[in-house]
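Report on the structure given below.
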Amino acid sequence: MELKRQASDLDVKITTIKGKLRQLTQRRDAVEPNTSLAEIETIINEIKSSEANLEKLQLLRMAVQKPLNNYANNAPKAPPLITRVKATHDHARGVYARFLKHQEVTAADVKELNGDNETMSGLAKEFYNLVGEDMNLPFPIRCPQAEAFAAAEPIKPDAYPAWTFISESALAAKHKEELDKKLEQHEIRLKLAESLAPMCVRCARANLETKMIVDRRSGRRDTPGESLSHGQWYLVCPKCGAIQTIPIPETRNRDQVVSIASGSAKPRTKVRHPDF
């Protein structure tokens, strides 16, 4: 829930600024007689600024807490709504499943209607053969909507599984757990990529040896440092800031990465890179 995240962030900020205020107060109280007025004025201004920020943050925290308290008070009223939604969803699934029967009945009706049209056409031909005159039949009776419904892909009664309530906070925790697991597995490949990363070419021109590292600021959230092309990495020089994107084939195969990380295999391919 967004409000809970905001409350947590505000709590961290409030704790941080309170710590800063304690330090500033200690500095003020420990001022030596020979301390310059400018330094004392700086400390006092920082204390006033921190106190103003603390007051603002505390007011924001109170504003966020009010709806959170309301939600907490309303919590006992929520479970019956879950029960009603569950029952309604199960009923809706039953209604949906009945459409298959309607589709089967419609298909039979369309077939019967087409049979009547064919019978009339056949009798009209027989009439013509008997007397040599056209019977002047009306247009065949058709229902395009029913024909489309009958000819559509058969409805699957179990297309919608039963619904189970999962709270937003529980779902967020589940997603975080899944993300943490992915990041843990990705970290093995990232470390391997860094171990195989080349030296910085720009630093080499200045007679410096600097090994490039993976730029974790780039890439997706669950695969930081890696481009959309699997096994291709964003590298950055920690000294001069030069950037480079290169493929590191050893990181493409997950099983191979695990074996290399465990020490049971050694990388065989050397990384090649262009000059800057």
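The values are calculated or read from the model by the stated rules, or taken from the named source; none is laboratory data. Just so we're clear, the structure is a prediction, and the values are computed from it rather than from any experiment. Cβ coordinates were reconstructed from backbone atoms using ideal geometry, including for glycine residues, and neighbour counts include every protein chain displayed.
Observations on the structure shown:
- Here ARG221 meets each of (1) among the charged types (D, E, K, R); (2) in contact (Cβ under 8 Å) with a residue 24 or more places away in the chain; (3) surrounded by 10 or more Cβ atoms within 10 Å (Cβ to Cβ) with one exception, condition (3).
- Residues (under 27 Å from LYS239 (Cβ atoms), under 30 Å from the mean Cα position of the chain (by Cα) and basic (Lys, Arg)) located in the range 173-220: ARG189, LYS191, ARG216, ARG217, ARG220
- Members of the range 144-157 that are free of Cβ contacts under 8 Å to residues at least 40 places away in the same chain and closer than 29 Å to PRO80 by Cβ: none
- When the residues of the range 76-110 are filtered to those that are of a type in the set (D, E, K, R) and surrounded by 11 or more Cβ atoms within 10 Å (Cβ to Cβ), the one that is nearest to ALA151 (Cα to Cα) is GLU104.
- Only one of the numbered conditions (1) under 30 Å from PRO154 (Cβ atoms); (2) touching a residue at least 12 places away in the same chain (Cβ under 8 Å) is not met by THR88, and that is (2).
- So ARG205, is it touching a residue at least 40 places away in the same chain (Cβ under 8 Å) and in the same structural domain as ASN253 (by TED's automatic domain parsing): no
- Unmet requirement for TYR160, which otherwise passes all of (1) without any contact (Cβ under 8 Å) to a residue 40 or more places away in the chain; (2) part of a loop (DSSP other than H, G, I, E, B); (3) of a type outside the set (Gly, Ala, Ser): (1)
- ILE141 satisfies every condition listed in (1) assigned to a helix (DSSP H, G or I); (2) exposed (fewer than 11 other Cβ atoms within 10 Å of the Cβ) except (1).
- Top-ranked residue in the range 6-26 [being over 20 Å from MET62 (Cα atoms) and either among the hydroxyl-bearing types (Ser, Thr, Tyr) or touching an Asp or Glu at 6+ places or on another chain (Cβ under 6 Å) (or both); ranked as surrounded by the most Cβ atoms within 10 Å (Cβ to Cβ)]: LEU24
- For ALA197: the one exception among (1) part of a loop (DSSP other than H, G, I, E, B); (2) loosely packed, with under 13 Cβ neighbours inside 10 Å: (2)
- Just one of the listed residues (ILE188, ILE155, ILE246, ILE213) is hydrophobic (A, V, I, L, M, F, W, C), in contact with a His (Cβ under 8 Å, 6 or more places away or on another chain) and surrounded by 15 or more Cβ atoms within 10 Å (Cβ to Cβ), and it is ILE246.
- Odd one out for LYS18 among (1) within 26 Å of GLU168 (Cα to Cα); (2) of a type outside the set (Asp, Glu); (3) over 34 Å from the mean Cα position of the chain (by Cα): (1)
- Only residues that are charged (D, E, K, R) and either under 28 Å from LYS66 (Cα atoms) or surrounded by fewer than 11 Cβ atoms within 10 Å (Cβ to Cβ) (or both) were counted in the range 27-54, giving 5.
- Any chance LEU228 is aliphatic (A, V, I, L, M) and surrounded by fewer than 17 Cβ atoms within 10 Å (Cβ to Cβ): yes
- Residue match in the range 116-126 (condition: in contact with a helix residue (DSSP H, G or I) (Cβ under 9 Å, 6 or more places away or on another chain), surrounded by 13 or more Cβ atoms within 10 Å (Cβ to Cβ) and not basic (Lys, Arg)): no
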